[in-house]
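Asks: Have a look at this one.
The values are calculated or read from the model by the stated rules, or taken from the named source; none is laboratory data. On a predicted model such as this, the values are computed, not experimentally measured, just so you know. A quick note on method: Cβ atoms are made from the backbone with ideal geometry, for glycine too, and the neighbour counts reach across all protein chains shown.
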Amino acid sequence: MVKPTVDALDIDPKTGTTLGFYTFGQERPNIMIISGMNGLSATDVYANYLTLRHLQDLARVSGSLTLLPVAGPLAFRLGTRVSPLDSKDLDSVFPGDEHGTITQRVAWEVWRRVSQADAVIHLRTGAQACISHVVALHREYIHVRNLASQIALPIVAQSLGQRGALSTEAAHEGIPIVAVEVRGDRNNTDTQAAVEVREAILNYLRLRDMIEGDSIEASSVFTGRMRHVNADSEGFFIPKALLGEEIRSGDVVGQIQDKSDITSPFDGTVVSCSRMSYVFEGDLIARVASPLVDKPLDTGMDTVKPSPRRKW
């Protein structure tokens, strides 16, 4: 059995802000797997945990693997996106600041290890029901595309490239990195989704001959950016589109009960869709991954985050 080396790093002991890095092996390549940047769901953390448990049962690991199950301990404990100490979202302040706020110091410590890795997989849970998929700057960087092509999940969507996000900053520095958005819901852990993502990670490690076992060739579909479909009125939203379904502009995504159908303005693949819920005009109800076409990257309505609203 392979036992990890555990490095517990205290950022701020008074608030329990301690990072636990688990490293298997000492050689290169070094692959880093990060999860738990916020507390909106534990599904991504569980996928990382299942990967760690699998590695512990192996006879050997070629190269090395560093796992950080919970990157934002305080936000994770409180179930929030931002830290209550400085109101900062960890995945918006990279590469961090050694002398900054607690969140910036956490980012800096994570960044120190990311910058030494040969590849990084950032696990996160989607804000709404989705198919597990990869998000990456695959159009800009060949080193990112190569990594994304080895992760056996159905969709690789073009990232928005928001500055301060770990996957953006690392890609710009020449580090192969992808974000894996895991299917799951707030305050729930989707065990099936976690197992699916663990298997995609293990398959990638087998492709790189880092662990033993048979691998499969990934056959992901690369897409453009994900476009937002928003509610056009207030009421009870009833989803109609299926996750992973190919739709055309004008197809029905869902309906506001007793009012009207909501149609997609875009062609593409339905990557995420809200469950039945009460929505307000302008709320995000689905995301559609647009087909990959050879045209300049654009900025549009898909870059705008919907305003948070109370749900019933």
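Asks: Can Ala241 be described as assigned by TED's automatic domain parsing to the domain that holds Ala127 and touching a residue at least 40 places away in the same chain (Cβ under 8 Å)?
Replies: no
Asks: Scan (1) farther than 27 Å from Tyr141 by Cβ; (2) loosely packed, with under 15 Cβ neighbours inside 10 Å; (3) at pLDDT 95 or above for the single condition Val70 breaks and write down its number.
Replies: (2)
Asks: Same structure, new question: If I ask for residues that are among the β-branched types (Val, Ile, Thr) and within 28 Å of Val61 (Cα to Cα), which ones from segment 183-209 would you list?
Replies: Result: Thr191, Val195, Val197, Ile201.
Asks: Could you give every pair whose Cβ atoms fall below 8 Å, whose first residue belongs to segment 2-22 and is free of Cβ contacts under 8 Å to residues at least 12 places away in the same chain, and whose second residue is buried (at least 17 other Cβ atoms within 10 Å of the Cβ) and β-branched (Val, Ile, Thr), counting only separations of at least 6 or pairs across chains?
Replies: So the pair list comes out as Asp10/Thr17.
Asks: Within the bounds of segment 264-281, is there any residue that is of a type in the set (Val, Ile, Thr) and farther than 29 Å from Ala152 by Cα?
Replies: The answer is yes; a qualifying residue exists.
Asks: Let me ask another. If you take the residues of segment 7-41 that are more than 16 Å from Val110 (Cβ to Cβ) and surrounded by fewer than 18 Cβ atoms within 10 Å (Cβ to Cβ), which of them is modelled with the lowest pLDDT?
Replies: So, considering only residues that are more than 16 Å from Val110 (Cβ to Cβ) and surrounded by fewer than 18 Cβ atoms within 10 Å (Cβ to Cβ), the one modelled with the lowest pLDDT is Gly16.
Asks: Looking at the structure I just gave you, is Asp57 among the acidic types (Asp, Glu) and modelled with pLDDT of 95 or more?
Replies: The answer is no for Asp57.
Asks: Give the number of residues within segment 163-197 that are in contact with a helix residue (DSSP H, G or I) (Cβ under 6 Å, 6 or more places away or on another chain) and either assigned to a loop (DSSP other than H, G, I, E, B) or at positive phi (or both).
Replies: 7
Asks: Which ones in segment 220-229 are buried (at least 17 other Cβ atoms within 10 Å of the Cβ) and not hydroxyl-bearing (Ser, Thr, Tyr)?
Replies: The answer is Phe222, Gly224, Arg225, Met226, Arg227, His228, Val229.
Asks: Specify which of the listed residues (Asp261, Asp251, Asp267) is within 15 Å of Gly224 (Cα to Cα) and surrounded by fewer than 20 Cβ atoms within 10 Å (Cβ to Cβ).
Replies: Asp267
So that you can scan it fast, the table gives a plain yes or no per residue for (1) aliphatic (A, V, I, L, M); (2) without any contact (Cβ under 8 Å) to a residue 24 or more places away in the chain:
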{"site": "Leu85", "(1), (2)": "yes, no"}
{"site": "Ser92", "(1), (2)": "no, no"}
{"site": "Trp108", "(1), (2)": "no, yes"}
{"site": "Ser115", "(1), (2)": "no, no"}
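Asks: Now, a different point. Of the conditions (1) surrounded by 17 or more Cβ atoms within 10 Å (Cβ to Cβ); (2) hydrophobic (A, V, I, L, M, F, W, C); (3) touching a strand residue (DSSP E or B) at 6+ places or on another chain (Cβ under 7 Å); (4) not in a helix (DSSP H, G or I), Phe94 clears all except one; give me its number.
Replies: With (1) surrounded by 17 or more Cβ atoms within 10 Å (Cβ to Cβ); (2) hydrophobic (A, V, I, L, M, F, W, C); (3) touching a strand residue (DSSP E or B) at 6+ places or on another chain (Cβ under 7 Å); (4) not in a helix (DSSP H, G or I) applied to Phe94, the lone miss is (3).
Asks: Report yes if Val134 is among the β-branched types (Val, Ile, Thr), within 19 Å of Val197 (Cα to Cα) and in a loop (DSSP other than H, G, I, E, B), otherwise no.
Replies: When the stated conditions are applied, Val134 does not pass them.
Asks: Specify the residue that is nearest to Asn146 (Cα to Cα); the eligible residues are those in segment 170-199 that are in contact (Cβ under 8 Å) with a residue 60 or more places away in the chain and small (Gly, Ala, Ser).
Replies: Among residues in segment 170-199 that are in contact (Cβ under 8 Å) with a residue 60 or more places away in the chain and small (Gly, Ala, Ser), the one nearest to Asn146 (Cα to Cα) is Ala170.
Asks: Are any of the residues in segment 179-190 under 24 Å from Arg28 (Cβ atoms), out of contact with any Gly (no Cβ under 7 Å at 6 or more places or on another chain) and at pLDDT 95 or above?
Replies: Yes: segment 179-190 contains one or more residues that are under 24 Å from Arg28 (Cβ atoms), out of contact with any Gly (no Cβ under 7 Å at 6 or more places or on another chain) and at pLDDT 95 or above.
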